[in-house]
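Down below is the structure, laid out as structure tokens.
The values are calculated or read from the model by the stated rules, or taken from the named source; none is laboratory data. All of these numbers come straight from a predicted model, not from anything done at the bench. Note: ideal-geometry Cβ built from the backbone for every residue, glycine included; neighbour counts use all protein chains shown.
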Amino acid sequence: MPADDDDTSSGPPPHPLDRVWFHPSELGRTGDALAPPDPRPRLWLVAAVALLVGVGGTLGVVAATRGLTAPAPPPAPFAELATGPGADPDAVADLVAGVGRSVVTVGVAPPAGAAVLGSGVAIRAGRVLTAAHLVPVDGTPLVVTVGGQVVSARLRGVDPETDLALLEVDGAPLQAARLGSGDGLRVGQQVAAVSAGTPTDRWVTVGVLSGRDRLGVLPSGVRGAALLETDARFDGSAAGGALLDATGAVIGILAGPDRHAVPIDVARSVAAQLDLNGRAAHGWLGLLGTDVLDRTGGGVRIDTLIEAGPAQLAGLRPDDVVIRVGSVGVGSVAELVATARRLRPGDPAEVTVVRSGERVVVTVPLGESIPAPADWLVVA
């Protein structure tokens, strides 16, 4: 984020991919659907078998033509890499091999019978973070490890604001991923997206970090904030997968085909809240504003204060220009929303504004945001 008095730039332009190699099985898609889960005692086992059969249809034919009779040992599923210009295939392969056991397939057998498939990341023993839209509350969550083991999971909670869900998984040898940090991320640095969208189709693609603190529409239809953006190419089955930095640390949870990811520092906070009480809460100032373009470092000019909202009650005024929240410089509406959402309701946010040419610091006890549909106005 920009300092409040320094010029900023958007960083190098996105790095285009002019060649992408995919695992052959990725070129096929199965149309098989899961039958509704059997309500009898071994429910999860029946659903697990159905999951493997449903997603294995055409992929199983491909495997048979290769003489495969059992799941390949890791890191074989990641042997064929999608690499862009300048990427070192060996380096990417080593990087992915280190995180491979931490990325799992997440499947759900809803009562309606349609298979829902995506990815998940083991963030610690017995806990998998995935995309919330993959896990209907009335479905039966299943996790398939890199070795092909199918285990049932229990939904700990969902967060519509970030489209994240936390699963509790027992009885599976999950290896926790190494979680990175948003500190020091630079637009233009190389990243890799790792997915396990089906039990037999695992892949990686590389690209660059195109932007930070983006606003975007999540697959659930909710407008997300504080998102990472990458030019790495992936489809809907990648949702819940891992975005890695060059060291192999997870820096984001993939949101879906729009090439966005939830930053790992946000995801980590959400996971902790979901594990504790089944829901997560995000900070809200209660104002609408516009980007300031005629000031070095930018800022957000307040246009409207929500009636009886936190900002109005604390004494902020229309035409105040927000330049900082706490120690974080704010250069745009997207950055202001992202900064507020990283905080929690009740936190006292020290908001620095420029008012009539002078700097004023106002303490705003944050309220709680609500998930906003894509066509709503962006309210910080």
For region 270-308, enumerate the residues that are surrounded by 20 or more Cβ atoms within 10 Å (Cβ to Cβ), small (Gly, Ala, Ser) and not in a loop (DSSP other than H, G, I, E, B).
-> Ala271, Gly283, Gly289
Which of the residues spanning region 265-297 are modelled with pLDDT of 95 or more and closer than 13 Å to Ile323 by Cα?
-> Gly289, Thr290, Asp291, Val292
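Here is a yes/no grid of residues against (1) at pLDDT 90 or above; (2) on the phi < 0 side of the Ramachandran plot:
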residue	(1), (2)
Gly126	yes, no
Thr130	yes, yes
Leu142	no, yes
Ala153	yes, yes
Arg156	yes, yes
Asp163	yes, no
Gly171	no, no
Leu174	no, yes
How many residues are within 20 Å of Ala238 (Cβ to Cβ) and under 19 Å from the mean Cα position of the chain (by Cα) when one looks only at region 161-174?
-> 6
How about region 179-222: which of its residues are of a type in the set (A, V, I, L, M, F, W, C), surrounded by fewer than 22 Cβ atoms within 10 Å (Cβ to Cβ) and touching a Ser or Thr at 6+ places or on another chain (Cβ under 8 Å)?
-> Val187
Flagged in region 201-217 as within 26 Å of Thr105 (Cβ to Cβ) and either of a type outside the set (A, V, I, L, M, F, W, C) or in contact with an Asp or Glu (Cβ under 8 Å, 6 or more places away or on another chain) (or both), in numbering order, are Asp201, Arg202, Trp203, Thr205, Gly207, Leu209, Gly216, Val217
Across region 233-253, what is the number of residues that are buried (at least 24 other Cβ atoms within 10 Å of the Cβ), in a loop (DSSP other than H, G, I, E, B) and either free of Cβ contacts under 8 Å to residues at least 12 places away in the same chain or in contact with a Gly (Cβ under 7 Å, 6 or more places away or on another chain) (or both)?
-> 2
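Name the residue that is nearest to Leu164 (Cα to Cα), counting only residues in region 244-277 that are β-branched (Val, Ile, Thr) and touching a Lys or Arg at 6+ places or on another chain (Cβ under 9 Å). Don't jump to the end; show me each part of the working.
At the first step, the residues of region 244-277 found to be β-branched (Val, Ile, Thr) are 247, 250-251, 253, 262, 264, 266, 270.
Applying the additional criterion that residues be touching a Lys or Arg at 6+ places or on another chain (Cβ under 9 Å) yields 247, 250, 266.
Working: Thr247: 24, Val250: 15, Val266: 10 Å.
Result: Val266.
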Residues in region 117-155 that are within 20 Å of Ser220 (Cα to Cα) and under 17 Å from the mean Cα position of the chain (by Cα) total 13
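Condition check ((1) within 12 Å of the chain's Cα centre (by Cα); (2) at pLDDT below 90; (3) under 23 Å from Gly184 (Cβ atoms)) across all residues:
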| position | (1), (2), (3) |
| --- | --- |
| Thr200 | no, yes, no |
| Arg212 | no, no, yes |
| Pro219 | yes, yes, no |
| Ser237 | no, yes, no |
| Asp245 | no, no, yes |
| Val250 | yes, no, yes |
